[in-house]
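A short write-up of the structure that comes next.
The values are calculated or read from the model by the stated rules, or taken from the named source; none is laboratory data. Keep in mind that what you see is a predicted model, and the values were worked out from it rather than measured. Counting neighbours? That spans all protein chains shown, and the Cβs are built from the backbone with ideal geometry, glycine included. All accessible areas refer to the heavy atoms of the entire protein, side chains included, with ligands and DNA or RNA removed. Shrake-Rupley method; radii C 1.70, N 1.55, O 1.52, S 1.80 Å.
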Amino acid sequence: MRIVMTGATSGIGLAAAKTLIAMPDVSLIIGVRQPSALPVALAGRVKALPLDLADLASVDHFADEAIALGPIDVLIGNAGIQLNAPQRSAQGFELTFATNHLAHYLLARRVADHISPSGRIILTSSGTHDPAEETGIPAPRHANAERLAYPERDPELDKAAGVAGRRAYSTSKLCNLMTIRELAHRRSDRPDLTILAFDPGFVPGTGLARSYGPLINWLFRNVLPVVIRGSHVSTAPLSGRALAALATDPVYAGGRGLYWSMEKGRAIERKPSTLARDDAACAALWNDSAALIGLAA
Ligand SMILES: NC(=O)c1ccc[n+]([C@@H]2O[C@H](COP(=O)([O-])OP(=O)(O)OC[C@H]3O[C@@H](n4cnc5c(N)ncnc54)[C@H](OP(=O)(O)O)[C@@H]3O)[C@@H](O)[C@H]2O)c1
């Protein structure tokens, strides 16, 4: 089974990658910023191709290289960032939206036609996409691609950079889920494909807080994993194993546009937020994302 994956070098993705390469029939191809500096657990056991999700040209090149290796059985789009200060991608888009959403949207579209029969496409979303979850991260207000790509055009933009950064994060995760729902809708020609979104729960201890500076990052890595409790709290090994199962376990085969979320240490199917279930909004996000990056809808 050939699996192509982003975000395999750290946190939840690294845990998933370790589970996957322990399976006898899995060949793992990962997209990484530094192919020469892989985590020890992966070195020599995966094929690492260069990929910087902050640059759509790099995403295109990665897609070409991954496709050239032969039919792909599973695509896992797991990489993600959360920022504390505004930054731009290589193409000038807001960096969180560009990295978490636009890059994975492009990758999924480039790779979809090269997924083998009964293959899978999985994107990592987050419970933060849903205002009803009250995760503590500011919830999305909309999924307007132009305003997300160019926040200065958003009349509702938060004044505080940290709040804007966290809302950009939750909104990008909403976009991941809406992309999965719309992809499932659009690919009625490929009913064999399994198309899923995954919420790993709240997983303190990963690298996700790295932009917040040394103190917050240290607390996130070392203190929160010990003190935080709740049914949505998970660990990288638990969520990584769940993600690997979504990619390989026959029990998940055939799911179309479903949202699996960690609850008490295991994945359960959950109803997406009201906005994520808005079919017109999902279609608009798809079309507007295509326009932003110069693809036909
Ligand atoms: N931790 C949580 O509580 C939580 C909750 C819900 C959802 N999630 C989601 O889970 C996923 C994994 O997050 P994590 O918590 O495991 O964080 P993490 O430890 O920071 O892992 C993020 C991964 O994304 C990769 N990445 C980031 N920017 C990239 C870029 N420009 N190009 C290529 N790769 C890039 C990183 O690669 P490098 O090694 O090069 O940095 C790393 O492998 C994310 O999608 C996140 O949104 C996390």
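Between residues in the stretch 172-191 that are under 12 Å from PRO272 (Cα atoms) and of a type in the set (D, E, K, R) and residues that are open to solvent by 10 Å² or more (accessible area, probe 1.4 Å) and part of a helix (DSSP H, G or I), which pairs lie under 8 Å by C-beta distance while being six or more apart or on different chains?
Once the first residue is under 12 Å from PRO272 (Cα atoms) and of a type in the set (D, E, K, R) and sits in the stretch 172-191, its partners that are open to solvent by 10 Å² or more (accessible area, probe 1.4 Å) and part of a helix (DSSP H, G or I) give LYS173/THR128; ARG181/ASP279.
Restricting the first residue to the stretch 226-250 and requiring it to be of a type in the set (A, V, I, L, M, F, W, C), which pairs with a second residue that is within 11 Å of the ligand (Cβ to nearest atom) and in a helix (DSSP H, G or I) meet a Cβ separation below 6 Å and a spacing of at least six or different chains?
ALA236/GLY11; ALA236/ILE12; ALA236/ALA15; LEU243/ALA16; ALA244/ALA16
Restricting attention to the stretch 98-125, report how many residues are at negative phi and not in a helix (DSSP H, G or I).
Total satisfying the criteria: 12.
In the stretch 127-149, what count of residues is obtained for those that are touching a strand residue (DSSP E or B) at 6+ places or on another chain (Cβ under 8 Å), open to solvent by 10 Å² or more (accessible area, probe 1.4 Å) and within 13 Å of the ligand (Cβ to nearest atom)?
1
Could you grab the pairs with beta carbons closer than 6 Å, sequence gap of 6+ or different chains, first residue in the stretch 266-278 and surrounded by 14 or more Cβ atoms within 10 Å (Cβ to Cβ), second one of a type outside the set (A, V, I, L, M, F, W, C)?
ARG270/TYR259; ARG270/SER261; PRO272/TYR259; SER273/HIS129; SER273/ASP130
Taking into account only those residues within the stretch 45-90 that are more than 12 Å from the ligand (Cβ to nearest atom), without any contact (Cβ under 8 Å) to a residue 40 or more places away in the chain and in contact with a strand residue (DSSP E or B) (Cβ under 6 Å, 6 or more places away or on another chain), which is nearest to LEU20 (Cα to Cα)?
Here the residue is VAL46.
Testing ASN217 on (1) under 19 Å from the mean Cα position of the chain (by Cα); (2) open to solvent by 20 Å² or more (accessible area, probe 1.4 Å); (3) within 14 Å of the ligand (Cβ to nearest atom); (4) within 21 Å of ALA15 (Cα to Cα), one condition comes back false. Which one is that?
(1)
Please go through the stretch 137-149 and pick out each residue that is closer than 21 Å to CYS282 by Cβ and assigned to a loop (DSSP other than H, G, I, E, B).
ALA139, PRO140, ARG141, HIS142, ALA143, ASN144
Can you list the helices (runs of 4 or more DSSP H) lying wholly within the stretch 194-273 that have 1 or more residues being closer than 28 Å to ARG181 by Cβ?
So the answer is 236-248.
Which one of the conditions (1) surrounded by fewer than 24 Cβ atoms within 10 Å (Cβ to Cβ); (2) in a helix (DSSP H, G or I); (3) hydrophobic (A, V, I, L, M, F, W, C) does ALA168 fail to meet, given that it meets all the rest?
Here ALA168 meets the rest and fails (1).
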